[in-house]
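Below you'll find the structure, written out as structure tokens, and then a few comments.
Please treat every number below as a calculation from the coordinates, not as lab data. Please read all numbers here as calculations on a predicted model, not as lab measurements. Glycine also receives a Cβ, built like all others from the backbone with ideal geometry; neighbour counts cover every protein chain displayed.
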Amino acid sequence: MTITIALIVLVALAFDFFNGFHDAANSIATVVSTRVLTPRQAVAWAAFFNFAAFLIFGTKVADTISKVVHPGTLTNAGIFAALVGAILWDIGSSCCRRSSGSSSRSRS
């Protein structure tokens with residue numbers, strides 16, 4: 001594994017971490033605030049379904065991306081830039097705009 005790929009993987013993990021703040025809060029807040037589940041139960045519920053979702057819903061998004069994006073289209077620099085942009089969007093939307101927007105579900 002080259003240093004470039006290792007750096008991209010680390011940045012991807014950082015993106016997943018920052019994006020998880022938004023997604024976890026959005027998915028857990030309602031069931032905890034309405035007292036349907038305790039916070040511990042809600043976190044366990046969300047963690048299980050975040051992990052097991054591909055077993056239920058399949059990998060259709062990944063399959064589509066693999067058919068649409070042709071080999072050689074994306075460079076390591078492009079992937080790195082997209083991940084950094086997504087991290088900045090997450091940080092900017094939560095700190096500067098004070099919204100709980102998720103970059104994985106962003107519409108703007």
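Brief remarks follow.
- Karplus-based coupling profile of segment 50-56, in residue order and whole Hz: 5, 7, 8, 4, 5, 6, 8, with θ = phi - 60° in 6.51 cos²θ - 1.76 cosθ + 1.60 and x standing for Gly or Pro.
- Multiplying each eigenvalue of the alpha-carbon gyration tensor of the chain by 5 and taking the square root yields semi-axes of 29, 19, 13 Å, largest first, rounded to whole angstroms.
- Here segment 1-20 is scanned for amide nitrogen atoms under 16 Å from the site 7 Å beyond the Cα of Ile79 along Cα-to-Cβ, giving 1-16.
- Remark: the Ile8-Ile56 segment gains 14.4 nm on full extension, using 0.36 nm per residue and subtracting the alpha carbon distance.
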